[in-house]
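Engineer: First, the structure itself, so that you have it in front of you.
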Ligand SMILES: *Cc1c(COP(=O)(O)O)cnc(C)c1O
C-alpha cells in the first residue's frame, strides 16, 4: 500500500490517492478529484471558489456508525452543532433521527429551523443567560447541561417563572487529560468547563432540593480530537463512580452523556476507531441501565467536507515559496489557531503521475494582512496559477469559525449527494457586510 506522507528535506509530500483512500467521500477518477460522483471541476465551474463542499452520504455514514455500534443500548446521538451548523447539514441529521448538542440560543433556533426536535436537544455552555434558558424551556428542551451552581439557580428561577420543571444534567469535570491540543482540552480542573468531580455530589444534592429542577442525567466532555481511547475510559470510570454515589443518596438518573471528542484522521493520525471506542465503553455502559448520550461534532462532519480554493499568485522567494490562494484564515482558522495540519490536494492530478517529481515546497497562504494567515506550510506540490486545491477534513470547525476579517465575504457552501449538488449557502456579497452599518450623523 502506498504511504500517505513522505517527509523530505524540502517539505511534506502528501500522496493524494493514498490520502483519499482513507476518505470515503473523495476519490480520483481519471486523475480528477470527485466528491461522491461529482467532479470538483464541475463544482468550481458552478459555484466558484472559495467554497465548502459537504458529502451528505459521508455525514450519514458516520452518524449510522455511532448508532450501529451502540445499538445494544438505549442511546441518543446528539450532533454538536458548533462543528458545522448549516441548515442542510442539520436537516440531514434531523431526518436521520439525530438529537443535537447546542451551546447557544442561536444554535437552538437553527436546529428548530432545520426540523430538529427540541426534546432531543441538550444545551451545553458555560454562559447561559436568562433569555437563553427561557427560550429553551419554552421550546421544550431535552436537557440543560449545567456548568455551575449559579446557572442551576438561574434555571430554577426561570422555570419557576414559566411554571415548568427544567430537565438538567450536571456537566462534571473528571480531571482527565485528553492529551489533545490545550485549546481543545476541556476536562482538566483548571478549565472553565463543568463542575469538579469533588463538588458534583454536593451540587446534585442542592439541585434535588430545588423546586423547579428535574434531575435527569450526568454529563462530561473532556476535549476534542482525542486519538486515544484511555481518556474516554478514565472519564467514564469517574462518572460511573458518581452515578453509584448518587444512587446511594437516592438520586436516580435516566441518562449519562459522554460528550463528544472522538478524533478523526486528517492526514495520517490513527484515531480511535468506532469499533475500538464501542468495545472499550460498552461493557461498562451495559451494566448501568441508563440511556447513553453522545455529543459528537468533528467525527461526524470533518471528513465529509473540503474547502476548495484557487491558486491566485505564485511567489517564490529566496527562502520560501508562497502560493497565495483565494481562501484564507478567515475561511479556515484551524491551522492558525490550533497549529492544525490539514491535507491540501490538487483537484486534478499532475500528468507526471503520482510521486514527488515535479513538486516544490510551498506555503499555502491567504491574502490577509497577518503572518499567521496560512493554511499549510512546506507542502510539496506541483502548482500553477489557476489550479484548484482541496483542503480536506474541512467539514468541521471550518465554515462555523469563519469571519469577515479584511472585509472578505464568507465562502459559499454546497452539499453533494450521489451525482447531485446544491448550493446550501451562497457566498456573501461584499455589500451585505456593511449594509447594517451607518455613518456617524450626530453633531
Ligand atoms: C464542542 C463540543 C462537543 C463536540 O466535540 P467534537 O470534538 O467536535 O466531537 C461536544 N460537547 C460539548 C459540550 C462541546 O463543547
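Values in this text are rule-based calculations from the coordinates and carry no lab data. Predicted, not measured: the structure shown is a model, and the values here were computed from it. Glycine gets a Cβ as well: all are built from the backbone with ideal geometry, and neighbour counts include every protein chain shown.
Engineer: Could you rank the peptides 289-297, 112-120 by their average count of other C-beta atoms within 10 Å per residue, with the highest value first?
Structural biologist: Final packing ranking: 289-297, 112-120.
Engineer: What percent of all Cα-Cα pairs in segment 186-258 falls in each 10 Å bin, counting up from 0?
Structural biologist: Percent of Cα pairs in each bin: 17, 51, 26, 5, 0.
Engineer: Arranged from highest to lowest average of other beta-carbon atoms within 10 Å per residue, in what order do the peptides 5-17, 91-103 appear?
Structural biologist: 91-103, 5-17
Engineer: Next question. Taking 8 Å as the Cα distance limit and 6 or more residues as the minimum spacing, I'd like the relative contact order of segment 125-294 as a percentage.
Structural biologist: Relative contact order here is 20 percent.
Engineer: A further question on this structure: What's the angle, to the nearest 10 degrees (0 to 90), between helix 149-162's Cα axis and the longest principal axis of the chain?
Structural biologist: The two axes meet at around 70 degrees.
Engineer: Moving to a separate point now. Which of the peptides 129-136, 327-334 is most tightly packed, and how do the rest follow, going by the mean number of other Cβ atoms within 10 Å of each residue?
Structural biologist: 327-334, 129-136
Engineer: Alpha carbon centre of segment 210-269 versus segment 390-443: separation in Å?
Structural biologist: That distance is 35 Å.
Engineer: Roughly what % antiparallel, to the nearest 5, for the DSSP beta bridges in the chain?
Structural biologist: 50
Engineer: Rounded to the nearest angstrom and ordered from largest down, what semi-axes does the equivalent ellipsoid of segment 206-246 get from its C-alpha gyration tensor (root of 5λ)?
Structural biologist: Semi-axes (√(5λ), whole Å): 27, 13, 6.
Engineer: Taking every alpha carbon pair in the chain, what does the distance histogram look like in 20 angstrom bins from 0, in percent?
Structural biologist: Bins of 20 Å from zero give 25, 52, 22, 2 percent of pairs.
Engineer: Whole number please: convex hull volume per residue, Cα atoms of segment 125-294, in Å³.
Structural biologist: Roughly 116 Å³ of hull volume per residue.
Engineer: Would you kindly compute the Cα radius of gyration of segment 302-443 and its largest Cα-Cα separation (Dmax), both in Å?
Structural biologist: Over segment 302-443's Cα set, Rg and Dmax evaluate to 17.0, 67 Å.
Engineer: Just want to confirm a number: the relative contact order over the chain, from Cα pairs under 8 angstrom separated by 6+ residues, in percent.
Structural biologist: Computed over the chain, the figure is 20 percent.
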